[in-house]
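Down below is the structure, laid out as structure tokens.
The values are calculated or read from the model by the stated rules, or taken from the named source; none is laboratory data. Note that the structure is predicted; figures quoted are calculated from it, not measured. Positions of Cβ are generated from backbone atoms using ideal geometry, with glycine treated the same way; all protein chains shown enter the neighbour counts. All accessible areas refer to the heavy atoms of the entire protein, side chains included, with ligands and DNA or RNA removed. Shrake-Rupley method; radii C 1.70, N 1.55, O 1.52, S 1.80 Å.
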Amino acid sequence: MERVGRVTGGSYPLTVATVDDDGSEVTVTDPQVEVYDGAGAQIGSGTPASAAGQLAWAVPAGVLTDYDTYELVWSGTVSGQPVQYRRRVELCGGFLFEIADLRAFEPAFADTVRYPGWLCRAARTAAEVRFETACRQAFAPRARRARGLGDGTARFTVRDNAVSRLIAGSIGTDALTQAEVDEVVVREWGAFDRPSPKTWPTASLVGLHYEHGLPGPTPEVSQAVMLLAREYLVRSSLSSRATVEATDVGFFRVSVAAPDRPTGLPEVDAVIRAVGRSRPLVG
């Protein structure tokens, strides 16, 4: 999955690698692409450009409107046989650092052959997800779709903090009207309250699509996430099982992830402790 920053106009140039089961590049003929939102509804389609090993399509900005995780289904034929490729794209309101900042942060990353853009973006997404999961809040606007059973009360809780808006919702197979969505009280710490006497009915499947996250990261957050991204890009020569390293001057204990050290990187974990959040006892 790749994160893409939302734009107000223009398009989102997206590609998908076209390879066979052995990883060899193939050229797709008669290509088509369909776009589905996070609820599985088709919201767009088009004809991508085809080249050896790749399909490319500029998705109009008007197709991807809300923060959500979209799925693009690319199809066509190879040697007369039908093929299909799927790619998930999360539309968000920003990143915790820019790729140009990452390249300036670590001089070796200026080598765009060894560290191409797609690799740096993948490391950024992995670092953002890990950092924000540990902090229990996002540091840029994002969206999530939560599902669960109602308990007969007016409150439905979700796992995120810094919740800002309910985009849409459903109870069972019935979608909430816009008026019903607007009347739900959004609790910043992760709850949605229906006005009395309405409830989230017992044993009914509730689905909510909501926005969460702070307006943007602080410098300390950006620095910490770049440190974490560097760990994904520059692999250690040590075995992933190692906890001790022997050198000419002695033995050194390696810092590893643990319940009180989410990443194992002391500086990153210190920032997580400083800016992370936990659930309130009441709310």
Worksheet item: Using a probe of 1.4 angstrom, how much of the accessible area of the range 1-148 is carbon and sulfur, in percent?
Response: 49
Worksheet item: How big, on average over all directions, is the shadow cast by the Cα convex hull of the range 142-214, in nm²?
Response: 4.2
Discussion item. I'd like the FRET efficiency for Trp118 and Gln178, computed as 1/(1 + (r/R0)^6) with the beta carbon distance as r and R0 of 45 Å, rounded to 0.05.
Written reply: 0.70
Practice prompt. Treat each spin label as a single point 7 Å out from the Cα along the C-beta direction, and report the Glu188 to Arg136 distance in nm.
Written response: 1.6
Item to complete: Please give the contour-minus-distance gain from Lys198 to Arg155: 0.36 nm per residue of separation, less the Cα-Cα distance, rounded to one decimal in nm.
Response: 14.5 nm
Response to the item:
Neighbours of Gln32 by Cβ distance under 15 Å: Lys/Arg at +1, Asp/Glu at -1, summed charge -1
Practice prompt. Could you tell me what fraction of 2.2 N^0.38 Å the Cα radius of gyration of the chain comes to, as a two-decimal ratio?
Written response: 1.18
Worksheet item: What number, in nm² with one decimal, is the all-direction average of the projected area of the convex hull of the alpha-carbon atoms of the range 110-155?
Response: 5.3
Practice prompt. Could I get the Rg over Rh figure for the range 25-139? Both from C-alpha atoms, Rh via Kirkwood, rounded to two places.
Written response: 1.03
Fill in: Percent RCO, i.e. relative contact order, over the range 49-175, from Cα pairs under 8 Å lying at least 6 residues apart
20
Worksheet item: Which value at 222 nm does the chain reach when only helices count, each DSSP H run of 4 or more adding -39,500 (n - 2.57), with the total divided by all residues and rounded to the nearest 500 deg cm²/dmol?
Response: -6000 deg cm²/dmol
Worksheet item: For the chain, what is the accessible area per residue in Å², given a 1.4 Å probe and the full set of protein chains?
Response: 54
Worksheet item: If each of Met1 and Val234 carries a label point 7 Å out from its Cα toward its Cβ, how far apart are those two points in nm?
Response: 2.9
